[in-house]
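Structure record follows, encoded as structure tokens.
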Amino acid sequence: MKLSAKTRYAARILFYMAKHNPSEPVSSNLLAAKTGISSQFIEQILRQLRLAGITGSVRGAKGGHTLLRKPEELTFGCIVRLMEGGIELTSCLESPEACARFGDCAVRNAWESLQGTLDGALESITLDDILRNEALCPALTRPDPSPDAPGRDLHVAPPSP
């Protein structure tokens, strides 16, 4: 199970927008330069974020994109649900009727517990957490490595005391 590039990029875009001066809209070109994501892909992602009420746009020469939600309100769970439609570890958790063994499955409780742990972890980290402690998720501030590079999969360690 891997998150799509779209989800990882949405997190990176939102992080930069949260870090940027909130009174100044951010252009797609500046976002592209700062995040290493193409302007075209940024526009696709921002459209989804705008439709969800997370970002807004300002027209004109000094226009660009603005963050409409506070960084402490934006969890990674919110980002994943928007961009991926959520993450289900097994199809039977999403659609119990699709599984003939759902009622007497020996491992269903384990899957449900693991799903709860994953969902809780995604909800426990906000953009504000990252802003206050960039060491929590330094991968958001640099372009993705090549697909074969070590460290491609994002692992979030707990913050240092």
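The values are calculated or read from the model by the stated rules, or taken from the named source; none is laboratory data. A quick note: this is a predicted structure, and the numbers were derived from the prediction, not measured. Positions of Cβ are backbone-derived with ideal geometry, glycine not excepted, and every protein chain shown enters the neighbour counts. Please note that ligands, DNA and RNA were not included when accessible areas were found on the heavy atoms of the full protein model with its side chains. Shrake-Rupley method; radii C 1.70, N 1.55, O 1.52, S 1.80 Å.
Placing a pseudo-label 7 Å from each Cα along the Cα-to-Cβ vector at residue 118 and residue 39 gives an inter-label distance of 3.7 nm. Here the label points at residue 29 and residue 88, each 7 Å from Cα along the C-beta direction, are separated by 4.4 nm in the simple model. The listed residues 102, 15 rank as 102, 15 when sorted by accessible area, largest first, using a 1.4 Å probe.
Using a Debye calculation, one point per C-alpha and no hydration shell, please list log10 I(q)/I(0) for region 7-104 at q = 0.16 Å⁻¹ in order. Debye intensities relative to I(0), on a log10 scale: -0.67. Once all protein chains are placed together, residue 20 keeps about 30 Å² accessible to a 1.4 angstrom probe.
Looking at region 1-72, the trypsin sites (Lys or Arg not before Pro) that sit in a DSSP loop and have at most 13 other Cβ atoms within 10 Å of their own Cβ are 2, 59, 62. Within a straight-line Cα-Cα reach of under 19 Å, residue 70 can be paired with the following lysines, leaving aside sequence neighbours fewer than 8 residues apart in one chain: 19.
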